[in-house]
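All remarks here apply to the structure that follows.
The values are calculated or read from the model by the stated rules, or taken from the named source; none is laboratory data. Just so you know, these numbers come straight off a predicted model, no measurement behind them. Heads up, the Cβs are rebuilt from the backbone with ideal geometry, glycines too, and the neighbour counts pull from every protein chain shown.
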């Protein structure tokens with residue numbers, strides 16, 4: 001099947017050495033573009049080039065061979081490219097972006113079965129679509145409402161991500177937001193196990209990787225929080241359900257940190273059930289969650 005269209009081509013000119021949260025910037029741009037549903041993207045490595053600083057990057061010089069020019073190309077409908085530009089603006093500190101209209105001819109086999117290579121980003125399969133932080137709470141409340149404390153957790157996590165120039169809130173943002181929410185059951189449970197906000201923040205002064213695919217994480221958190229609330233017979237999602245869900249999602253930076261500080265996910269879940277008045281349901285909970 002062949003189709004033709006006029007689309008926009010976005011080109012991002014950066015260097016191979018550019019980084020975003022410890023990951024190569026070109027790789028992050030490709031992954032985020034995919035998470036946001038753009039049609040396609042390609043990163044191209046140049047063999048020689050120079051930019052505004054007039055410094056030559058070339059494969060001919062061994063010591064510069066790991067800082068070659070990179071061009072990331074993304075092609076999609078004009079409105080989708082326009083929606084992606086603010087995200088890109090927060091990621092590219094130095095470089096150049098060009099935008100042009102292109103005529104595309106797409107060839108596609110109707111019977112083709114898409115495959116995914118092992119190194120591609122795996123998104124959690126879910127009846128819920130992973131959501132962006134700004135829409136996350138609204139999407140969750142469409143099925144079960146959020147308590148005031150749970151809403152504050154989402155808002156604080158989103159604010160933390162934005163302040164750190166990250167596209168999505170991750171497990172660390174959620175954990176710290178729960179610890180800072182004074183009235184939530186999650187904070188009570190963690191405090192009873194010797195975990196507080198300052199202790200967790202100090203643990204991130206070390207070199208801690210936060211490379212988890214955050215949009216996929218938010219989708220999983222949404223799904224498991226819903227399940228936790230329904231399992232306990234609750235009709236509203238509170239911080240206790242968010243914490244139970246967080247403990248189920250492993251590995252993650254947040255759960256790895258909690259375990260390093262001596263709080264095992266199993267013990268956290270038991271403490272949550274105890275505070276929530278479901279201590280007698282502990283054995284049933286364990287049977288329903290054998291991974292614990």
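Look through 254, 229 and report the one residue that is touching a strand residue (DSSP E or B) at 6+ places or on another chain (Cβ under 9 Å) and in contact (Cβ under 8 Å) with a residue 24 or more places away in the chain. Even if it seems obvious, please write down each step before you answer.
Details: 254 fails: touching a strand residue (DSSP E or B) at 6+ places or on another chain (Cβ under 9 Å).
Going through 254, 229 in turn, just one is touching a strand residue (DSSP E or B) at 6+ places or on another chain (Cβ under 9 Å) and in contact (Cβ under 8 Å) with a residue 24 or more places away in the chain: 229.
Residue 200 versus (1) buried (at least 18 other Cβ atoms within 10 Å of the Cβ); (2) in contact with a strand residue (DSSP E or B) (Cβ under 9 Å, 6 or more places away or on another chain): which is the lone unmet condition? It fails just one condition, (2).
Condition check ((1) surrounded by 13 or more Cβ atoms within 10 Å (Cβ to Cβ); (2) modelled with pLDDT under 80) across all residues:
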{"position": "17", "(1), (2)": "yes, no"}
{"position": "23", "(1), (2)": "yes, no"}
{"position": "45", "(1), (2)": "no, no"}
{"position": "49", "(1), (2)": "yes, yes"}
{"position": "71", "(1), (2)": "yes, no"}
{"position": "79", "(1), (2)": "no, no"}
{"position": "94", "(1), (2)": "no, no"}
{"position": "103", "(1), (2)": "no, no"}
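I'd like to know if the range 258-271 contains one or more residues that are within 20 Å of the chain's Cα centre (by Cα), surrounded by fewer than 22 Cβ atoms within 10 Å (Cβ to Cβ) and assigned by TED's automatic domain parsing to the domain that holds residue 190.
Step one: list which residues in the range 258-271 are within 20 Å of the chain's Cα centre (by Cα), which gives 258.
Remaining after also requiring surrounded by fewer than 22 Cβ atoms within 10 Å (Cβ to Cβ): none.
Within the range 258-271 (the criterion being within 20 Å of the chain's Cα centre (by Cα), surrounded by fewer than 22 Cβ atoms within 10 Å (Cβ to Cβ) and assigned by TED's automatic domain parsing to the domain that holds residue 190), the answer is no, since none of the residues qualifies.
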